[in-house]
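A quick write-up on the structure given underneath.
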Amino acid sequence: MPVYKDKNGTWYAMVRYEDWQGERKQKCKRGFVTKREAQNWERRFLLQTNSDLDMLFKDFYKLYEQDMRSRLKQNTWEHKAHVIQSKILPYFGDKPMKDIQARDVLSWQNELLRHRDKNGKPYSETYLKNLHNQLSCIFNHAVRYYDLGVNPAAKAGSIGVKNAKEMNFWTKDEYMQFSEVMMDKPVSFYAFEMLYWCGIRLGELLALTPEDFDFQNRKLRINKSYQRIKGKDVITDPKTKKSNRTIEMPDFLCEEMQDYLRMLYDQKSDERIFTISKSYLHHEMDRGVKETGLKRIRIHDLRHSHVSLLIELGFSAVAIADRVGHESIEITYRYAHLFPSKQAEMANKLSELKKGDNANVSEKP
């Protein structure tokens, strides 16, 4: 369709099209400085509306957002969108979808691998893996729903390593040193007690309300997570289906949390009991480490510390997985290095079995 010149000297495009339900619609876009800009917008809009993969990557991303945003948790989408807009669109945005080849992906990967920050550090292996996965997700979507022939990101191969960050944890004695320092600030002390002795995620901690506790039966219900998104408090479902769970608390922790709830003035049953920020707890972690001389671990490493403690106490991967909201196979895979005694026990049992067979053979006449 033609484009038109407005009274103020700019150009506008008027497009008629059919939506996904077959209804005839009209869209007008104003404010183009030149006629060519208006024509280019019109062409791109029609390609996008018709799902024609001659469209630019940045236009397909808009379709991807329409298809996927409502299916993902808000914080998950915000993270995904930030990665795509900052690290993928600048490179692929103006390329037609159907023309992007594996060699283009390789060139993009090489740029990422060459990157160094002001301190000379490259991107982490985990971050590189995440960047590649986000690009591959977009192409997979185009293959599955828009008839793109091949995923060039899959063809190029991945970079980076999942979960490449070193897993750190504190022993029980180390945590006890830390918790003693935290006692001067009750909100910090009780927050870290919950993180260490229950192994819950930080978002799960910050979403807790009084009604989540059943002190008579020593139960803690985990059914939500807290996020701070674009300056607003947002309560979402937990990270995974497995994360919806009930945890049994030790007696001493039940007593501590009852003491803490009694400190809260006019607390309603459905109001958050830890109205602190994630950055507050990071600063408190720094303070505790400075005063005790302990090695600095991440807040999330308290969860690893809880798992390692349970392994040391002899609990199975299945039992631990139920408590922390993981699949048992993930516990087995991620914490395999913490089960050395089990491997030794297996080898010893097999040795004893073999010795027994040899003894039986030698006793035969």
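The values are calculated or read from the model by the stated rules, or taken from the named source; none is laboratory data. Just so we're clear, the structure is a prediction, and the values are computed from it rather than from any experiment. Methodologically, a virtual Cβ is constructed for each residue, glycine included, from the backbone with ideal geometry; neighbour enumeration extends over all protein chains shown.
Structural remarks
- Residue in region 27-49 that is surrounded by fewer than 15 Cβ atoms within 10 Å (Cβ to Cβ), modelled with pLDDT of 80 or more and touching a helix residue (DSSP H, G or I) at 6+ places or on another chain (Cβ under 6 Å) present: no
- Checking each residue in region 275-311 for being hydrophobic (A, V, I, L, M, F, W, C) and within 22 Å of the chain's Cα centre (by Cα) picks out I276, L281, M285, I297, I299, L302, V307.
- Members of region 205-243 that are surrounded by fewer than 19 Cβ atoms within 10 Å (Cβ to Cβ), modelled with pLDDT of 90 or more and either in the same structural domain as K73 (by TED's automatic domain parsing) or in contact with a helix residue (DSSP H, G or I) (Cβ under 8 Å, 6 or more places away or on another chain) (or both): P210, F215, R218, R221, N223
- Qualifying residues in region 313-341 (those that are at pLDDT below 85 and among the charged types (D, E, K, R)) - the one farthest from V161 (Cα to Cα): E327
- Scanning region 58-94 for residues that are touching a residue at least 60 places away in the same chain (Cβ under 8 Å) and more than 18 Å from the chain's Cα centre (by Cα) yields F60, Y61, L63, Y64, D67.
- Taking the criterion of being in contact (Cβ under 8 Å) with a residue 24 or more places away in the chain and in a helix (DSSP H, G or I), the residues of region 121-136 that qualify are E125, T126, Y127, L128, K129, N130, L131, H132, N133, Q134, L135.
- Remark: pairs (first residue in region 269-291, within 17 Å of K224 (Cβ to Cβ) and in contact (Cβ under 8 Å) with a residue 40 or more places away in the chain; second residue assigned to a loop (DSSP other than H, G, I, E, B) and of a type in the set (S, T, N, Q); Cβ separation under 8 Å; 6+ apart in sequence or on different chains) = S269/T209; D270/T209; E271/T209; R272/T209; I273/T209; I273/Q267.
- Some residue of region 284-297 being at pLDDT 90 or above and touching an Asp or Glu at 6+ places or on another chain (Cβ under 7 Å): yes
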